[in-house]
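Step one of this worksheet: look at the structure below.
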Amino acid sequence: MKAQNLQLQHHQMIDLRSDTVTKPTPEMRNAIAAARVGDDVFQADPTVNALQKKMAGLFGFEAGLFVPSGVMANQISLKLLTDPGDEVIIDEFGHIFNYETTSAAIISSIQLRPVQGSRGKLNAGLIRKAVRSGQDMEPHSKMIALENSTNKGGGACYSASQLKSIRSVANELDLAVHLDGARIWNAMHATDIEAEFFGNIADTMSICFSKGLGAPVGSMILSTKENIRRARRLRKMLGGGMRQIGLLAAAADYAVQHHWPLLKEDHRRAKALAETIDSCTDLTVDMDAVKTNILIFETKKESAKTVVDKLAQRDILLVPFGPHTVRATFHFLISDEDLAIVQDAFKELFG
C-alpha cells in the first residue's frame, strides 16, 4: 500500500500522545461499509464470528470473544480466573494496576499485589517471593497478570525464555496466567516471537485492535471454549453485549492484515527520535530501553508539563508521564516528514 493512502491528509498537528489517536483510513472505512453483519448477542454476526476464530487460531487458543475495550477484556479475564478474596501478582507498572480505575476490586472482589519488576516486567523469582503462604489470614495467591509490551514500562517486551520461565513457576505453584497483550503486535515485531507461542503461556489473553493497529474500537479475549462461553455472559453483564458488531470486526480484521506490518516503522521512528533526544543537553533518555513504539524520556531542568507545553506550541502533542517524565508514542499516521519536524523542534527547544 502506498504511503499516501495511509495518510488521511497531512495537517499541522503531530499527535504523539498515544497510538490510540489514529483515525480509520479510507480503505478501512471501505472494509467497514462492506462488512456482512448480524446480531452478535444471538452469535449471528458472520464477520465477528470469523475474526474470533481467526484470532484464536493465530495465537494458539481454542476460542475468542470480541469486546469493546482492553479494560473489559482484562477485567473479564481476571474474573474468569479468580474467586472473591483472591490475590493477583502484577508488576507495579501494570496497566491493570494503574489505569483500570480499580475495576478488579469492584468487579471481582480481588486484590492486586504490585511487585517491583524491571520496566513493567516480572520474572519467576519475583513471582515466587510474592506468593502467599496459604494461611487463612492471608490473601490467596491465585494468578499472575503480565503485560507485553509494557506501557508504563516504556514498551519493554518479554523474551520467549522469560515467558516460559514464568509459565513454569505458575504451573509449579498452581497459578493461572493472564497476558495483557494490548500491544502484543508490537512485541512480536520486537522479539520475533510467533503468535501461536502465547497460547502455551497464558490461560487468558487480551489483544487490542485500536492502538498501533489503528482500528477505531475493539479488543478480544482469547482462552478455552469453556472460558469464552463464561466470558460471553460476563460481557453481557457488564453491558458489552453488542448487535451488528461486524462493522467493528471488519475494521479490526483490516488492521491486522494491513497495518500490523507497519509497526516496525513506528519502532524505527521512535528510535530515531530517541537519538535526537539523546543529543539534547536538557533531556536524557535510556537508548537501550527503546525497543518498540513507546519512547519515555526525562527532563533535566524543566518539568514534564513545561516541556509538553512548549512542544504543544509547535503543534506537537506528547503526554507528561511523571513530574520529569514524558512519553511519545508513534503510530502509522506519523510520517518521516512528521518525524523530521519533531526532531527539529526538539533540537531548537532543548538542544
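See the values below:
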item: Sole exception among (1) open to solvent by 20 Å² or more (accessible area, probe 1.4 Å); (2) in contact (Cβ under 8 Å) with a residue 40 or more places away in the chain; (3) not in a strand (DSSP E or B) for His331, by number; result: (1)
item: Residues located in the stretch 291-315, provided they are open to solvent by 10 Å² or more (accessible area, probe 1.4 Å) and in a loop (DSSP other than H, G, I, E, B); result: Lys291, Lys300, Lys301, Glu302, Ser303, Gln313, Arg314, Asp315
item: Complete set of residues in the stretch 188-208 that are crowded, with 19+ Cβ neighbours inside 10 Å and under 15 Å from Pro261 (Cβ atoms); result: Met188, His189, Ala190
item: Residue check, Leu112 free of Cβ contacts under 8 Å to residues at least 60 places away in the same chain, under 28 Å from Asp266 (Cα atoms) and among the hydrophobic types (A, V, I, L, M, F, W, C); result: no
item: Selection count where residues are under 19 Å from Asp336 (Cα atoms) and within 20 Å of the chain's Cα centre (by Cα), scope the stretch 272-316; result: 6
item: Hits in the stretch 150-162 - residues which are of a type outside the set (S, T, N, Q) and either surrounded by fewer than 21 Cβ atoms within 10 Å (Cβ to Cβ) or in contact with a Ser or Thr (Cβ under 9 Å, 6 or more places away or on another chain) (or both); result: Gly153, Gly154, Gly155, Ala156, Cys157, Tyr158, Ala160
item: Options Glu138, Glu147; residue that is in contact with a Lys or Arg (Cβ under 7 Å, 6 or more places away or on another chain), of a type outside the set (Phe, Trp, Tyr) and either crowded, with 16+ Cβ neighbours inside 10 Å or more than 18 Å from Ser77 (Cα to Cα) (or both); result: Glu138
item: Candidate set from the stretch 42-66 (those that are in a loop (DSSP other than H, G, I, E, B) and open to solvent by 50 Å² or more (accessible area, probe 1.4 Å)); member that is farthest from Ala250 (Cα to Cα); result: Glu62
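Residue-wise test of (1) in contact with a strand residue (DSSP E or B) (Cβ under 6 Å, 6 or more places away or on another chain); (2) more than 21 Å from Asn186 (Cα to Cα).
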| site | (1), (2) |
| --- | --- |
| Lys211 | no, no |
| Arg229 | no, yes |
| Gly240 | yes, yes |
| Gly246 | no, yes |
| His259 | no, no |
| Val285 | yes, no |
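The values are calculated or read from the model by the stated rules, or taken from the named source; none is laboratory data. These numbers were taken from a predicted model, which means no experiment stands behind them. Neighbour counts run over all protein chains shown; Cβ positions are idealised from the backbone, glycine included. These accessible areas exclude ligands, DNA and RNA; they are computed on the full protein's heavy atoms, side chains included. Shrake-Rupley method; radii C 1.70, N 1.55, O 1.52, S 1.80 Å.
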